[in-house]
1. Of all residues in the range 118-162, how many are assigned to a loop (DSSP other than H, G, I, E, B), closer than 18 Å to S174 by Cβ and among the β-branched types (V, I, T)?
2. Looking at the range 329-411, what helices (runs of 4 or more DSSP H) fall wholly within it and have at least 3 residues that are more than 15 Å from ligand 3 (Cβ to nearest atom)?
3. Hey, does the range 290-305 have a residue that's of a type outside the set (S, T, N, Q) and more than 28 Å from the chain's Cα centre (by Cα)?
4. What are the residues in the range 173-188 that are of a type outside the set (K, R), in a loop (DSSP other than H, G, I, E, B) and surrounded by 12 or more Cβ atoms within 10 Å (Cβ to Cβ), if any?
5. So which residues in the range 309-347 are more than 30 Å from L240 (Cβ to Cβ), exposed (fewer than 13 other Cβ atoms within 10 Å of the Cβ) and not polar (S, T, N, Q)?
6. Being within 16 Å of the chain's Cα centre (by Cα) and either over 23 Å from E259 (Cβ atoms) or in contact (Cβ under 8 Å) with a residue 60 or more places away in the chain (or both) narrows it down to one of K312, K328, K341, K377, so name that one.
7. Could you say whether any residue in the range 85-95 is in contact with a helix residue (DSSP H, G or I) (Cβ under 8 Å, 6 or more places away or on another chain), in a loop (DSSP other than H, G, I, E, B) and within 15 Å of ligand 1 (Cβ to nearest atom)?
Amino acid sequence: MRLLDLKERIEEHIDQISEFTATPGKGTTRLTYSQEDLQTRNYIKSKMKENGLKVKEDGFGNIFGKLEGTLKDAPSVMIGSHFDSVPNGGSYDGPAGVVAALEVARLFVENKFTPKYPLEIIALVEEEGSRFGGGLMGSRGIVGLLSNDDFRNLKDKDGVSTEEAMAKIGLDPSLPRIRDPKTMKSFLELHIEQGPILEEKKIPVGVVEAIVGLTQLEVTIKGQAGHAGTTPMDRRADALVTAAQIIGQLPQFAVAEGEGTVITTGRLNVFPNGANVIPDQVVFSVDIRSGMEKNVLNVIEKTKELIDSFNKDGIETSVEQLLYIQPKELNAGIRSLLKEKSEGLNIPYCSINSGAGHDAMVFSDYTEVGMLFIPSKDGLSHCPEEWSDSEDIAKAVQIFYEAAKSLTEAE
Ligand code: GLV
Ligand code: MN
Ligand code: MN
């Protein structure tokens, strides 16, 4: 298959999937178990079926398309990524990896390769955590890091539970959930870089060496609601003023820690959110990341201490940790295999680390994991301007196709 034909096929998928957004003209908003999730899911499943893959969903709504191998009950070589998005995000974060996986399977079928080990294309839910918080939900669920109770108790901002939301789009939460690691031989994920390095270096492919450790905290500040006009300034317990004082001090913790440590508050909900009402509750997120676990732990401690110090004068604070995941080094054997295949195809590559979290980091404790990045235009991601060249995705597909042939021992 010529690179340009592959590029065209990839572009068609991306263009089609980008139509499935709740915010047309304002980027991709595809929340888990929404109508846009259903439209994308149906598209992915139909493409899997067109390629003769056996399609299944699990009790989280993750999608699996399997090309059986000749070995009986053998573990699968899995390739995929997620298909949810952040609010007003781009068309590539997640879907680029799903589309690449679909095209790898299509090349197997078109070129009549029969794998010994099954090839399994996977499309995962709620990697971003944009609807139910935390993130990496589909992959954490598969490996058993999310109990049935934990899953059932997750609610979106309107109080809708995971299982209620699943039922609304016809998904069956009673399907099997956890997967025995013995059924996984390896996992490959293609993702856009979401940063500027590959574009600056003019290199089409990055082989990911390691992924940052990260945490997501949810902070709740409670105060006392009251009238904005009649309550004197010295008689207030204003939850939003407290939140603002806290949030304003957080960046300095990451700066002091150094070594690429970052901290972000990206979500903040104010209650009751009336212009003339003193806010009685504010809930906000704190996302902390670093390539070194000690940095993340230090900043968590300082953040908690700071928040705790505001627990007075009618203000009550609490912190819940929604996600904690250590930095992960990806599998050395798969990294070498990806480099060898890039060289064989004459595709320039470099090593790179990931500052974003990925489902690959969850799987890396259970199976052999490898990841490729492709350049992001202007380094932008999690915004409507996010763009990557489908020709680079096509190059990554060629590398994964060769790597998957080796890993599945296809003939
Ligand atoms: C996912 O995009 C993350 O890194 O939070
Ligand atoms: Mn993302
Ligand atoms: Mn992503």
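The values are calculated or read from the model by the stated rules, or taken from the named source; none is laboratory data. What you see is a predicted model, and the numbers here were worked out from it, not measured in a lab. Because the Cβ atoms are built from the backbone with ideal geometry, glycine has one as well, and the counts that use them run over all protein chains shown.
1. 1
2. Per the criteria, 332-344, 390-408.
3. Yes, because at least one residue in the range 290-305 is of a type outside the set (S, T, N, Q) and more than 28 Å from the chain's Cα centre (by Cα).
4. Scanning the range 173-188 gives P173, L175, I178.
5. Answer for the range 309-347, where residues must be more than 30 Å from L240 (Cβ to Cβ), exposed (fewer than 13 other Cβ atoms within 10 Å of the Cβ) and not polar (S, T, N, Q): A332, G333, E343, G344.
6. K328
7. yes
Okay, residues lined up against (1) buried (at least 24 other Cβ atoms within 10 Å of the Cβ); (2) away from ligand 2 (no atom under 16 Å from the Cβ); (3) within 21 Å of the chain's Cα centre (by Cα); (4) touching a residue at least 40 places away in the same chain (Cβ under 8 Å):
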| site | (1), (2), (3), (4) |
| --- | --- |
| K45 | no, yes, yes, no |
| G52 | no, yes, no, yes |
| F64 | no, yes, yes, yes |
| G69 | no, yes, no, yes |
| I79 | yes, yes, yes, yes |
| D84 | yes, no, yes, yes |
| N88 | no, no, yes, yes |
| P95 | yes, no, yes, yes |
| V99 | yes, no, yes, yes |
